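Read-outs: derived from the displayed coordinates by stated rules, not from any lab. It should be emphasised that the depicted structure is a prediction, and the values quoted were computed from it without experimental measurement. Cβ placement follows ideal geometry from the backbone for every residue including glycine, while neighbour counts extend to all protein chains displayed.
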Amino acid sequence: MKVKFIEIDGVMTRLLVEGKETNMPLLLLHGYGGTADLWFRNIDALSDQFYVIAPDLYGSGFNDKPSLGGKPSHGFAVKHLCALIEKLNLRSLALCGSSYGALIACLTYLAMPERVAKLIINGSGSTFNSDEQLTAGISRVLEVYTPLLKEPTLASVRATMDAHCYDPASVPEEIIPVMLTAYAMPGTFEFWLEGIHAMGNLDNIRPFRILDRLEQIEVETLVLWGRQDKGAIYESAVAAIDRMPNARLFTFENCGHKPMFEHAKTYNDVVRTFLTTEAWPGQ
């Protein structure tokens, strides 16, 4: 795995990358307030067949922290990701997003459907939860993450990551100090807080709600879910699948919000199989 920094519309952006550029591009998108290091156990493992790119999303991780102007981050994140795809000249690719990152993946597909060949949604309340479930989830995020991001410590980062998982021992120890460093960067807390408050107003995020447009996601889609995910409601995912024209569900048992490292080997195998079931058309 390599680290690269590129400028996207004036925003310095960190990428974790591995694999041959001639292979199928696979973009891995982390959740809100997270970093690309979420995919620590997937990038190298999937790079044997794919050109894997895991960016820090707009305003997240080790990226610049522009002001949101009181708006939710969704529109900025989609524009930033589309510009990244253009800059890297990715003509046809797969998008794989976790939580909020899955919402950004869906919105990016709707923005450039001719580019996205396959879509993977991982445990995403942002995408499938009802308005009531979403509002309750944002309240919980504010309560839990405000003290964490205001004054992060190694212990608090580890405890929060542990809480996301069915088995805390599955959290990669290597990513904890990296996330601590990202959280401690100037502007991280202010950007996160401004964005999460904007998300708390449903009128602000209504243009970015996918739940009302599931029928428009026509691309072949794999939905991956941890049965014990506390924030992304499993029943909401099951109901959403029925409305999507070309989607299938794979459930991880004894798994919380992070199947990509809670069950890394199975996760990588399932993703690899999904992405290679048909011949890749090339770029």
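Which loop GluC sites (Glu not before Pro) in region 160-222, with loop taken from DSSP, have no more than 14 other Cβ atoms within 10 angstrom of their Cβ?
Within region 160-222, the qualifying GluC sites (Glu not before Pro) (loop, at most 14 other Cβ atoms within 10 Å) are Glu173, Glu174, Glu218.
In deg cm²/dmol and to the nearest 500, what is the mean residue ellipticity at 222 nm of the chain if only DSSP H runs of at least 4 residues count, each as -39500 (n - 2.57), divided by the residue total?
Taken over the chain, the calculation gives -12000 deg cm²/dmol.
For region 78-95, take each phi angle, set θ = phi - 60°, evaluate the Karplus expression 6.51 cos²θ - 1.76 cosθ + 1.60, and give the result in whole Hz per residue in order, putting x for glycine and proline.
Running phi through 6.51 cos²θ - 1.76 cosθ + 1.60 with θ = phi - 60° gives 5, 4, 5, 5, 4, 5, 5, 4, 5, 5, 7, 6, 8, 7, 8, 8, 10, 10 Hz.
How big is the dipole moment of region 181-283 about its Cα centre under a simple scheme where the beta carbon of each Lys and Arg is +1, that of each Asp and Glu is -1, and everything else is neutral? Debye, nearest 20, please.
180 debye
Just to be sure I understand the curve: with the Debye formula and one point per C-alpha of region 2-275, what is log10 I(q)/I(0) at q = 0.07, 0.08, 0.10, 0.17 Å⁻¹?
These q points yield log10 I(q)/I(0) values of -0.21, -0.28, -0.44, -1.57.
Per residue of region 198-204, in order, report the coupling 6.51 cos²θ - 1.76 cosθ + 1.60 (Karplus, θ = phi - 60°) as ³J(HN,Hα) in whole Hz, putting x for Gly and Pro.
Each residue of region 198-204 in turn: 5, 5, x, 9, 4, 5, 5 Hz.
Relative contact order for region 1-152: what is it in percent, counting Cα pairs under 8 Å that are at least 6 residues apart?
So the answer I get is 21 percent.
Percent antiparallel among DSSP beta bridges with both residues in region 2-275, to the nearest 5?
30 percent
Among Asn254, Leu134, Leu38, whose Cα projects farthest towards the positive end of the dipole of the chain, with charges put on the beta-carbon of Lys, Arg (+1) and Asp, Glu (-1)?
Highest projection toward the positive end goes to Leu38.
Straight-line reach from Lys150: which aspartates and glutamates have a Cα under 14 Å away, not including same-chain ones fewer than 8 places off?
Cross-link targets: Glu190, Glu194.
Taking θ = phi - 60°, what integer Hz values does the Karplus form 6.51 cos²θ - 1.76 cosθ + 1.60 yield along region 150-167, in sequence order, with x for Gly and Pro?
Using θ = phi - 60°, the values come out as 6, 8, x, 10, 4, 5, 6, 5, 4, 5, 5, 5, 4, 5, 6, 10, 5, 10 Hz.
Which one of Met12, Pro168, Leu222 is farthest out on the positive end of the charge dipole of the chain, using unit charges on Cβ (Lys, Arg +1; Asp, Glu -1) and the Cα centre as origin?
Projecting each Cα onto the dipole axis, the largest value belongs to Met12.
In debye, nearest 20: dipole of region 2-275 around its Cα centre with unit charges on the Cβ of K, R (+) and D, E (-)?
Approximately 320 debye in magnitude.
With a 10 Å cut-off between alpha carbons and a GNM built on the chain, which of Gly33, Gly200, Gly125 moves the most?
Gly200
Using Cα-Cα distances under 8 Å and only pairs 6 or more residues apart, what relative contact order does region 2-275 have, in percent?
20 percent
Count the lysine pairs in region 1-129 whose Cα atoms sit under 24 Å apart, keeping only pairs 8 or more residues apart in sequence or on different chains.
Pairs that pass both the separation and distance tests number 15.
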